[in-house]
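The values are calculated or read from the model by the stated rules, or taken from the named source; none is laboratory data. Predicted model, so just to flag it, every value in this text is computed and none were measured. Counting neighbours? That spans all protein chains shown, and the Cβs are built from the backbone with ideal geometry, glycine included.
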Amino acid sequence: MNELRKDPILGNWVIISPERGKRPQAFARPQRIIEKKEKVCPLCSGNENLTPPENYALRPKGSKPNTRGWRVRVVPNKFPALDREKKLVGERLGMFDVMSGFGDHEVIIETPDHDKNLRDQSIKELSEVLRTFQHRIRELYKDKRLRYCLVFKNEGWEAGASLEHPHSQLIATPVIPKRIIEELIGSRNYFKRKRRCIYCDILSQERKSKERIVYENKEYISFCPFASRFPFEIWLLPKRHNADFCSRTTKESISLLADALRTTMRKLASTLNNPQYNYVIHTIPNPISRHGYGKNIDRDFHWHIEIIPRLTRVAGFEWGADFYINPLAPEEAARTLRDANNREL
């Protein structure tokens, strides 16, 4: 039966329309053999001279920058969306606002191994990638002109990746993105009414119903959200309230996050035959720009990862109405993922 469901944070509606869709397994696509566009991968170990000089790397003590031996490496994007070297200048052109292309755009090379995807990495290896995300956000937030850092991963050509080698990206902007503003405002308004974090309330309800849970360990949980925009959309959150992705730095906590992320991605891979996907990390903005969204932003907000497999196309209705049609109920998606064989892929 078709339903309209409302996102409690943003207030957006989605249409859950299983009558338009297929069985969950039918979303799995045959693997496509993609012709490699690069004869020499610039992100592989030994090709450090093919990238801009590194900003940061995890490598053995005494190892020289921009040489072999690194485990995780961060370099400026060769074709950046925004440039830190530009001056931050704003102006008005009549009724229009314009800013210079100031910001930062980094590539986080997750492993020296060209074929070692996220789901194949060990807990230790993935933990180092997550720690690198935290380090880069903290470093970039030292520049008070940068208001927000978004970490994201494009896996596969349809998801926007231009290189096959496992990597993520970080774009730092001089403004807070609209989507983040909407989440901050929605969280603040809910706390004003209920005196509780909306994400914590969502987690409480999901853990009681158990219908949409994909995986959980001692500290983290992944689930298909009630108002899922896309088939097999997944959110991953810390169970304990926490607004800042960079604040959980203990070895155990990072290892448990790596476990939750890796297990969730393995379930997706097993169910959907290694789908292409995007994920994004939503956390609070640079401390200097938080005052406009309430002095209690740490109390209102809850950081999270959103994972979107690229299984359907956004068409005219979605673009015209900002109103998504999801052909698979999240309850069925979560049930399929829970039952997935979390095998070594």
**Request:** Please determine, by comparing only the residues of the range 44-64 that are out of contact with any Asp or Glu (no Cβ under 9 Å at 6 or more places or on another chain) and in a helix (DSSP H, G or I), which one is surrounded by the fewest Cβ atoms within 10 Å (Cβ to Cβ).
**Result:** Asn49
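Does at least one position in the range 7-19 carry a residue that is assigned to a loop (DSSP other than H, G, I, E, B), hydroxyl-bearing (Ser, Thr, Tyr), over 30 Å from Asn326 (Cβ atoms) and modelled with pLDDT under 95? Write out each step before concluding.
First, pick out the residues of the range 7-19 that are assigned to a loop (DSSP other than H, G, I, E, B): 7-12, 17.
Cutting the leftovers down to hydroxyl-bearing (Ser, Thr, Tyr) gives us 17.
Then keep just the ones that are over 30 Å from Asn326 (Cβ atoms); that gives none.
Within the range 7-19, not a single residue is assigned to a loop (DSSP other than H, G, I, E, B), hydroxyl-bearing (Ser, Thr, Tyr), over 30 Å from Asn326 (Cβ atoms) and modelled with pLDDT under 95.
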**Request:** Scan the range 84-122 for residues that are more than 18 Å from the chain's Cα centre (by Cα) and hydrophobic (A, V, I, L, M, F, W, C) and jot them down.
**Result:** Leu88, Val89, Leu93, Met95, Phe96, Val98, Met99, Phe102
**Qualifying residue in the range 265-276 (condition: in contact with a Lys or Arg (Cβ under 8 Å, 6 or more places away or on another chain), surrounded by fewer than 22 Cβ atoms within 10 Å (Cβ to Cβ) and charged (D, E, K, R))** = yes
**Complete:** Only unsatisfied item for Thr67, checking (1) surrounded by 14 or more Cβ atoms within 10 Å (Cβ to Cβ); (2) in a loop (DSSP other than H, G, I, E, B); (3) touching a Pro at 6+ places or on another chain (Cβ under 7 Å); (4) at negative phi, is (3)
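State all residues of the range 213-264 that are touching a strand residue (DSSP E or B) at 6+ places or on another chain (Cβ under 9 Å) and closer than 12 Å to Leu130 by Cβ; if no residue qualifies, say none.
Taking the range 213-264 and keeping what is touching a strand residue (DSSP E or B) at 6+ places or on another chain (Cβ under 9 Å), we get 213-216, 219-239, 245, 248, 253, 256-257, 259-261, 263-264.
Matches in the range 213-264: Tyr220, Leu236, Phe245, Arg248, Ser253, Leu256, Leu257, Asp259, Ala260, Leu261.
One line per residue, one yes/no per condition, for (1) among the β-branched types (Val, Ile, Thr); (2) without any contact (Cβ under 8 Å) to a residue 40 or more places away in the chain; (3) surrounded by fewer than 20 Cβ atoms within 10 Å (Cβ to Cβ); (4) in a strand (DSSP E or B):
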position: Asp298; (1), (2), (3), (4): no, no, yes, no
position: Ile307; (1), (2), (3), (4): yes, no, no, yes
position: Val314; (1), (2), (3), (4): yes, yes, yes, no
position: Leu328; (1), (2), (3), (4): no, no, no, no
position: Ala334; (1), (2), (3), (4): no, no, no, no
position: Leu337; (1), (2), (3), (4): no, no, no, no
**Message:** I'm trying to understand the selection: among the residues of the range 119-156, which are part of a loop (DSSP other than H, G, I, E, B) and within 14 Å of Ile288 (Cβ to Cβ)?
**Reply:** Tyr141, Lys142, Asp143, Lys144, Arg145, Leu146, Arg147
**Message:** If I filter the range 87-126 down to residues being hydrophobic (A, V, I, L, M, F, W, C), in contact with a strand residue (DSSP E or B) (Cβ under 8 Å, 6 or more places away or on another chain) and surrounded by fewer than 18 Cβ atoms within 10 Å (Cβ to Cβ), which single residue comes out as farthest from Asp143 (Cα to Cα)?
**Reply:** Val98
**Request:** Of the conditions (1) part of a loop (DSSP other than H, G, I, E, B); (2) touching a Cys at 6+ places or on another chain (Cβ under 8 Å), Phe191 clears all except one; give me its number.
**Result:** (1)
**Complete:** Checked against (1) under 27 Å from Pro275 (Cβ atoms); (2) without any contact (Cβ under 8 Å) to a residue 60 or more places away in the chain; (3) outside any loop (DSSP other than H, G, I, E, B), Lys116 satisfies every condition except (3)
**In the range 234-285, residue nearest to Ile202 (Cα to Cα) [restricted to those that are out of contact with any helix residue (DSSP H, G or I) (no Cβ under 8 Å at 6 or more places or on another chain) and in a loop (DSSP other than H, G, I, E, B)]** = Arg240
**Asked** So Tyr277 clears everything in (1) farther than 19 Å from Gly160 by Cβ; (2) in contact with a strand residue (DSSP E or B) (Cβ under 8 Å, 6 or more places away or on another chain) except one condition, right? Which one?
**Response** (1)
**Message:** Could you check the range 144-173 and list, in sequence order, the residues that are touching a Leu at 6+ places or on another chain (Cβ under 7 Å), under 21 Å from Val40 (Cβ atoms) and either of a type in the set (A, V, I, L, M) or surrounded by fewer than 20 Cβ atoms within 10 Å (Cβ to Cβ) (or both)?
**Reply:** Leu163
